[in-house]
1. For region A:245-263, enumerate the residues that are of a type in the set (S, T, N, Q) and closer than 11 Å to residue B:58 by Cβ.
2. Check off (1) more than 14 Å from chain B (Cβ to nearest Cβ); (2) modelled with pLDDT of 90 or more; (3) open to solvent by 20 Å² or more (accessible area, probe 1.4 Å) for residue A:248 and give me the number that stays unchecked.
3. What are the residues in region B:288-324 that are open to solvent by 80 Å² or more (accessible area, probe 1.4 Å) and more than 11 Å from ligand 2 (Cβ to nearest atom), if any?
4. Residue check: is residue B:318 away from every other protein chain (no Cβ under 14 Å), among the hydrophobic types (A, V, I, L, M, F, W, C) and more than 16 Å from ligand 1 (Cβ to nearest atom)?
5. For region B:91-111, how many residues are open to solvent by 10 Å² or more (accessible area, probe 1.4 Å) and more than 7 Å from chain A (Cβ to nearest Cβ)?
6. Exactly one of (1) more than 8 Å from chain A (Cβ to nearest Cβ); (2) touching a residue at least 40 places away in the same chain (Cβ under 8 Å); (3) not hydrophobic (A, V, I, L, M, F, W, C) is unmet by residue B:80. Its number?
7. Restricting attention to region B:179-203, report how many residues are in a helix (DSSP H, G or I), open to solvent by less than 10 Å² (accessible area, probe 1.4 Å) and either within 11 Å of chain A (Cβ to nearest Cβ) or β-branched (Val, Ile, Thr) (or both).
8. Could you say whether any residue in region B:247-254 is more than 16 Å from ligand 2 (Cβ to nearest atom) and open to solvent by 10 Å² or more (accessible area, probe 1.4 Å)?
Amino acid sequence: MAVQTAPIAVSLPEEVRPNLWQRLTRNYVFRRVIKALATIFVVVTVTFFLIRLMPSNPVEIFIQEQISLYGMSYQEARDQASALFAIDLDAPLGQQYLEYLGNLLQGDLGQSYRSKGTQVVDIIRQFLPWTLFSVGTSLLISFVLGIGLGMLMAYRRETPIDYALSTFASLVSSVPNYLIAIILLVVLGPQLKIINIASMRGSISPGVQPGFTLHFFLDVLYHAAMPIFVYVLTTIGGWMLAMKSSTIATLEEDYVTVARARGLKDGRIMTSYVGRNASLPLFTQLAISIGFVFGGSVLIEGIFVYQGIGQQLIKAINQRDYPVMQGIFLIITVSVIVANLVADLLYSRLDPRIRLGQGETK
Amino acid sequence: MSDLALLVEDLWVEYPARRGVVKAVRGVTFEVHRGETLALIGESGSGKTTLGLALVRLLPKAARIKRGRIMYYRNGTSQDILALNAEELRRFRWQECAMVFQGAQNALNPVLRIEAQFLDTARAHGLSDANAVRERAVELLKMVQLDPQRVLHSFPHELSGGMRQRVLIALGLLLQPQVIILDEPTTALDILTQRSIIEVLRRLRAQLDFSLIFISHDLSLAAELADRVATVYAGAIVEIGSVYDIFERPRHPYTLALTRSVPTVTGDMHPLASIPGSPPDLIAPPLGCAFHPRCPLATDQCKREEPPLERVGKEQMAACWHWREVNP
Ligand SMILES: Nc1ncnc2c1ncn2[C@@H]1O[C@H](COP(=O)(O)OP(=O)(O)OP(=O)(O)O)[C@@H](O)[C@H]1O
Ligand code: SF4
Ligand SMILES: [Mg+2]
């Protein structure tokens with residue numbers, strides 16, 4: 001089989017070799033990271049100025065409280081506030097802001113104002129991992145399960161299994177998560193006595209040593225089970241329905257028919273052709289869902305008395321512990337932004353059309 | 001009969017629709033010989049694509065093959081395509097008969113590189129030697145005038161429409177199928193790209209050994225490639241013969257009208273003979289000869305009786321009661 005013709009058709013116009021800066025700014029990953037950092041910066045700034053400039057801002061309220069509760073002088077109360085919020089209240093606003101940024105960079109978020117001497121950073125360090133664990137695990141479970149079930153519904157369209165799953169999905173995705181949590185709490189606990197809710201409180205059982213042991217791992221799962229179950233139950237319906245409609249649309253795509261014409265095996269078509277393409281739009285929704293579940297954790301952790309950051313936030317709100325509130329708000333926002341970034345980068349890995357300078361040009 | 005690759009006999013395909021049953025293919029009979037190019041020509045909606053899809057059994061779920069037989073021959077063995085089970089059918093597709101679809105701009109998986117799509121096609125048919133497959137792919141891509149290294153490492157969206165069409169043609173040849181069906185391979189492309197695709201096909205015809213079923217509504221394109229031409233009207237073949245006979249001596253009024261709308265070799269254009277009347281309704285096709293409402297030669301007989309496809313020349317068949325009066 002001699003080849004007589006030289007390839008001619010694809011000589012592209014010679015591109016000018018971009019310099020490092022151009023390459024960086026065209027790079028999707030780089031741009032996304034910059035965007036995330038910028039968002040965090042804006043959030044931090046807005047938080048600062050909101051708290052400092054509101055007419056009845058927390059600092060002012062705190063000072064008034066100190067005066068009325070303990071009979072402090074204004075100056076004493078003010079010094080107290082400076083220490084707790086890690087802000088020098090005597091400095092001009094601009095300088096305060098810069099110091100606040102500097103403190104943030106060093107991980108200094110001020111001190112709790114109810115339990116004196118407790119650093120906000122320590123509260124976050126202690127409680128955030130539990131929330132990250134329960135929220136992350138449930139997102140993963142519900143995303144993967146939702147994709148699987150959604151594809152099943154699409155492949156078995158208009159069969160009893162599709163009807164059953166569709167009904168289930170629309171039902172659970174329309175009930176608010178705290179309602180499901182309370183129903184579970186009441187029905188499974190006192191009513192049916194299936195589980196001992198009280199023993200599931202907290203994040204680990206007393207006396208269990210943290211470490212890489214099976215016992216510890218199972219105990220952690222045991223305590224996180226109810227929140228995870230609720231998060232999964234409330235988010236899985238959305239994934240299932242989204243994946244079902246996306247799969248149905250993808251099954252109509254030419255490349256799926258052509259894949260059949262090419263004699264590919266059904267399994268290969270289902271995974272690499274239908275599944276992969278159909279799940280792409282869901283990755284963009286993943287970012288939104290992360291924020292949702294994180295926000296929901298505040299209520300759910302309160303209901304199940306799960307020792308996560310959400311419960312700490314409720315506690316701080318009840319006690320009007322402003323430095324803690326501010327710190328937790330900040331860290332939740334940052335977590336959501338970072339999770340968004342991860343979801344986006346994942347998406348760009350999966351969809352070649354987004355990669356490297358191709359996306360976001362329009 | 002030993003050089004036969006494909007034999008279609010009395011094939012009927014229907015689509016149930018809300019208004020009634022669309023009879024998209026009505027009693028089609030033809031054969032494809034080894035190494036020949038057969039062009040299927042007809043206006044939009046005449047059932048060409050449906051016929052092609054039926055040959056590889058990729059019709060939409062709703063479609064029904066009411067009647068007929070499709071026989072495939074290779075190396076002295078024969079296969080009844082309509083009787084294949086799912087696994088036999090999977091292996092038959094692409095390995096024996098590859099079909100490149102109409103408007104195949106979206107025919108490649110957007111998330112896989114071209115190379116991966118060559119490899120998974122080969123693997124599905126039991127070729128596990130990736131290097132051999134890669135070599136063959138490089139060879140084929142060169143034949144369709146693409147830069148193999150660049151194309152293999154590209155994603156489909158990085159290629160132009162014409163390049164994708166060539167990739168598909170190369171992919172179609174990967175498993176050395178005996179029959180390739182190209183459904184309107186140039187329709188979505190601009191004139192220059194069309195030309196180069198036709199050139200590529202001509203070269204491939206000269207270099208490789210395969211039979212080609214070339215589906216088009218453009219008779220002049222067919223003339224450049226085909227050995228034989230079949231004209232399709234209202235789901236039926238109304239005339240079939242060598243490309244020479246079809247052009248020089250069409251015996252069916254519909255074929256005649258089609259040839260008249262084609263520029264001749266001398267360069268002067270005949271006025272585009274737009275065939276008066278509208279395309280037939282395939283739910284309730286006209287009684288008798290389906291072409292009679294638009295036919296200048298129609299008689300009472302044409303309105304009552306359907307003309308059979310009969311021999312009108314040495315290797316030419318036509319379905320017309322009055323074929324002797326066409327090009328007498
Ligand atoms: N999935 C379908 N359901 C119902 N009717 C269909 C379907 N596909 C095609 N048809 C009908 O069958 C007839 C033949 O269509 P087909 O696509 O085979 O024609 P074609 O000759 O390939 O036309 P074109 O030149 O436009 O590609 C048309 O009347 C069309 O409306
Ligand atoms: S059979 Fe009659 S109507 Fe049909 S093409 Fe021939 S002359 Fe025309
Ligand atoms: Mg068609």
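1. Within region A:245-263, A:257 is the sole residue that qualifies.
2. Residue A:248 satisfies all of (1) more than 14 Å from chain B (Cβ to nearest Cβ); (2) modelled with pLDDT of 90 or more; (3) open to solvent by 20 Å² or more (accessible area, probe 1.4 Å) except (1).
3. Hits for region B:288-324 are B:311, B:314, B:315.
4. Values: away from every other protein chain (no Cβ under 14 Å): yes; among the hydrophobic types (A, V, I, L, M, F, W, C): yes; more than 16 Å from ligand 1 (Cβ to nearest atom): yes.
When the stated conditions are applied, residue B:318 passes them.
5. Selection size over region B:91-111: 4.
6. Unmet for residue B:80, out of (1) more than 8 Å from chain A (Cβ to nearest Cβ); (2) touching a residue at least 40 places away in the same chain (Cβ under 8 Å); (3) not hydrophobic (A, V, I, L, M, F, W, C): (2).
7. 3
8. Yes, some residue in region B:247-254 is more than 16 Å from ligand 2 (Cβ to nearest atom) and open to solvent by 10 Å² or more (accessible area, probe 1.4 Å).
The values are calculated or read from the model by the stated rules, or taken from the named source; none is laboratory data. What you are looking at is a predicted structure, and each value in this text was computed from that prediction instead of being measured. Methodologically, a virtual Cβ is constructed for each residue, glycine included, from the backbone with ideal geometry; neighbour enumeration extends over all protein chains shown. Heavy atoms of the whole protein, side chains included, go into the accessibility calculation; ligands, DNA and RNA do not. Shrake-Rupley method; radii C 1.70, N 1.55, O 1.52, S 1.80 Å.
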